[in-house]
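Read the structure below first, then the notes.
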Amino acid sequence: MTNKYIYFVANWKMFGDLRTLNSLDKVIKFSKNNKKNKFKIIYCPPNTLIRSLSKRFKKTKLEVGAQNCHYSYEYGAYTGQVNSSMLKNVGAKYIILGHSENRLLGETNRLINLKIKSAIKTGLKIIFCIGETLKEKKTNKTNQILKSQIEKGLKLIKKKSQIIIAYEPVWSIGTGIIPKEKELIKTILFIKSRFKKNYPKILYGGSVNGDNVDKLKKIPNIDGFLIGGASQNSKKFIDIIKKTIN
Ligand code: PGA
């Protein structure tokens, strides 16, 4: 962990409705009582809850993000889709792009690149997910895959100040398994080496919880966590934050 702001990004995936929001009061209270510590809490709920969350987070330090968007910056005839400026309009300041669950549904590096460009234009900060599958890991292709995801995903993007990388090994998401310490240190260093001077913040994601965060927080060059399952429960989420910042 660095001494810069530590990021805790909650990826709610396709979970949550208006009733879920009451549980967030605990997190708001926690953040208010910990003003001295340098950390950011960003909730990425389903689109249906972005507006309600951003209203609820007014006058707090908590921020809201989206989980995906269409690549078009303009309005268009794309049934069921929303673009990045529509998400910004309802309160999103961040957006997760390139998540493996969307890559699995057919999102290519090229499509992710278009989405990132559109979100940059909108002024959102992008949490750009990269990560290898178990098969790729077993065949020693991790670095090759990460290199290709970074190069293709960020192709022709000069201004990288809005980019935050989230390294999420696909085999770790939702499985309870995290990478071995040595492996993770090496991989994070490799990701960093893909950028020249101004390397972006790097988050780790994949089964982060209150039991393994003590180990994870010791990995150098990690600026925070992208948290799925454990972020849906305010107590568990706060526990992760507490254990990281203390
Ligand atoms: P997980 O999900 O924490 O439930 O493994 C992380 C993610 O998919 O972003």
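The values are calculated or read from the model by the stated rules, or taken from the named source; none is laboratory data. Given the structure is predicted, the values throughout are model-derived calculations rather than measurements. Cβ: placed from backbone, ideal geometry, glycine included. Neighbour counts: every protein chain shown.
Which residues, counting only those in segment 221-242, are within 15 Å of the ligand (Cβ to nearest atom) and either over 18 Å from the mean Cα position of the chain (by Cα) or modelled with pLDDT under 95 (or both)?
Within segment 221-242, just Asp239 meets the criteria.
Taking the residues in segment 184-220 that are more than 16 Å from the chain's Cα centre (by Cα) and of a type in the set (Gly, Ala, Ser) as candidates, determine which candidate is farthest from the ligand (Cβ to nearest atom).
Ser193
What are the residue pairs meeting all of these: first residue in segment 155-167, first residue within 19 Å of Thr108 (Cα to Cα) and within 16 Å of the ligand (Cβ to nearest atom), second residue of a type in the set (Ser, Thr, Tyr) and at pLDDT below 95, Cβ atoms under 9 Å, and 6 or more apart or on different chains?
Qualifying pairs under 9 Å: Ile165/Tyr199.
May I ask you to verify whether Ile145 is surrounded by fewer than 22 Cβ atoms within 10 Å (Cβ to Cβ), in contact with a Pro (Cβ under 9 Å, 6 or more places away or on another chain) and of a type in the set (A, V, I, L, M, F, W, C)?
Values: surrounded by fewer than 22 Cβ atoms within 10 Å (Cβ to Cβ): yes; in contact with a Pro (Cβ under 9 Å, 6 or more places away or on another chain): no; of a type in the set (A, V, I, L, M, F, W, C): yes.
Against the criterion (surrounded by fewer than 22 Cβ atoms within 10 Å (Cβ to Cβ), in contact with a Pro (Cβ under 9 Å, 6 or more places away or on another chain) and of a type in the set (A, V, I, L, M, F, W, C)), Ile145 does not qualify.
Where in segment 80-142 are there helices (runs of 4 or more DSSP H), lying fully within it, with 3 or more residues that are surrounded by 16 or more Cβ atoms within 10 Å (Cβ to Cβ) and away from the ligand (no atom under 16 Å from the Cβ)?
84-89, 109-122
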